[in-house]
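Below is one structure; the comments refer to it alone.
The values are calculated or read from the model by the stated rules, or taken from the named source; none is laboratory data. Since the structure is predicted, the reported quantities are computational estimates derived from the model, not experimental observations. Here the Cβ is made from the backbone with ideal geometry for all residues, glycine too, and neighbour counts use every protein chain on show. We work out accessible area using only protein heavy atoms, side chains counted, and drop any ligands, DNA or RNA first. Shrake-Rupley method; radii C 1.70, N 1.55, O 1.52, S 1.80 Å.
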Amino acid sequence: MNMISRSSILLALAVLAPIVLVLQPATLDAQTQGARKAQRPPTQISEKEKMNAWTVGLAGGLLEGAPLRLAAEIARVVDDGPNLHVLPIVTRGATENLNSLLYLRGVDTAIINSDALEEYKVQVPEIQRRITYLLNLFPSELHIFVRPEIQSLQDLAGKKVNFNTQGTAAAYSGPLIFSRLGIKSENTFIPHQVALEQMRKGEMAAVVFITSKPVDAFVRGRWEPGFKFLPVKYESKFEDYYLPALLEAGEYPGLIKQGERIPTIAVPTVLVAFNWPAGTNRYQRVARFVDTLFSRIDKLQAPGFDPKWKSINLAATVPSLARFAAAQEWLDRHARAAQVSR
């Protein structure tokens, strides 16, 4: 029996030896790779994590638009190396930025026109709970500029009215406002400089600008008597997204008489964020962004930045939206500190 057992063992070893020899290099190689991974410093992984940990995507707008310029200036001022990095993003326009905020990966904040929310009431019924505002950046005043024969808003019914090119604030908000006013005009969407020349020739009844005043085309342009801005009364139909505004003689001395004021409405341009749950990584990113931006707002109001920053009021509200919780907390803290220091 011992001879048989010994023979069986030797036979088994002879059969297994080649398999062991084949497996050994693979096993050793796997162990070597494991040792290499253990010895390799996790530089690449940590750098990637650090770079992404405090990066905030900011949807700005068209390359030539004011919102993207403001986004770039924000990024310059709040930059804090690995602690905060804002990426301004070129998009199809401020009116499309809400879409980017809702659905595009990597977008944490966006600059939008407040009435962009109107488009989402059907497809996203609770849109006003999903979006919060950080800052009311500046108002974009409605300018309805008409030929001499046009005396009232109702006179524009059936007439050619230009709303600038697609993707601009005027192209989105203009027809929406005209719809609320009950005016059915013949809408065109061509560059305003072309439309203004058509106005001079009598081929276009009006142009609609929605931008911060004063507008260079009206300040520097020379217009025949009778060309004017039409007044737009602020009524309850505008309370959800718009603000009351005025166009004054000091802004357009060649078109508005001294002492005269033309009532109109304004579309708030707003810095917004997705309503991330408190405590999540995305919420913490935006909270740090808010804290840095609000604390450094004076730098944006210094020479070298867009003059619009000088009119920014951190406490200004936005119709129909709630403020981002961390932004409200910042304002509350500083309000209490101001009272204590008095």
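Summary table below
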| read-out | value |
| --- | --- |
| Prolate/oblate/rounded label for region 186-235 (Cα gyration tensor, a/c 1.5) | rounded |
| Whichever aspartates and glutamates have a C-alpha closer than 15 Å to that of Lys184, once near sequence neighbours (fewer than 8 apart) are set aside | Asp155 |
| Most to least packed among 178-186, 202-210 [average Cβ atoms within 10 Å] | 202-210, 178-186 |
| Largest-first ellipsoid semi-axes for the chain, taking √(5λ) over the Cα gyration tensor eigenvalues, angstrom | 62, 25, 18 |
| Tail fraction, Cα-Cα pairs, region 195-342, threshold 20 Å, whole percent | 65 |
| Lysines whose Cα lies under 18 Å from that of Lys257, excluding same-chain neighbours fewer than 8 positions away | Lys213, Lys228 |
| Estimated distance in nm for a label pair at Ala337 and Val124, the labels positioned 7 Å out from Cα along Cα-to-Cβ | 3.3 |
| Accessible surface of region 88-218 [probe 1.4 Å, protein heavy atoms]: carbon and sulfur percent | 48 |
| Fraction in percent of alpha-carbon pairs per bin - 5 Å, region 128-177 | 4, 14, 20, 19, 19, 9, 6, 7, 2, 0 |
| Region 243-297: trypsin sites (Lys or Arg not before Pro) in DSSP coil with no more than 16 other Cβ atoms inside 10 Å | Lys257, Arg296 |
| Pair Lys233, Gln154: separation of 7 Å Cα→Cβ label points (nm) | 1.2 |
| Among beta bridges that DSSP assigns inside the chain, antiparallel share in %, nearest 5 | 65 |
| Sites Ala316 and Asp80, calculated FRET efficiency, Cβ-Cβ separation with R0 22 Å, nearest 0.05 | 0.30 |
| Under-5 Å amide H pairs with Lys213, H placed in peptide plane, nonlocal only | Glu141 |
| Simple label model, 7 Å out from Cα along Cβ direction - Thr165 to Glu251, nm | 2.5 |
| Å² of accessible area per residue within the chain, as computed with a 1.4 Å probe and no ligands counted | 54 |
| Principal-axis tilt of helix 325-341 within the chain, Cα atoms, nearest 10 degrees | 70 |
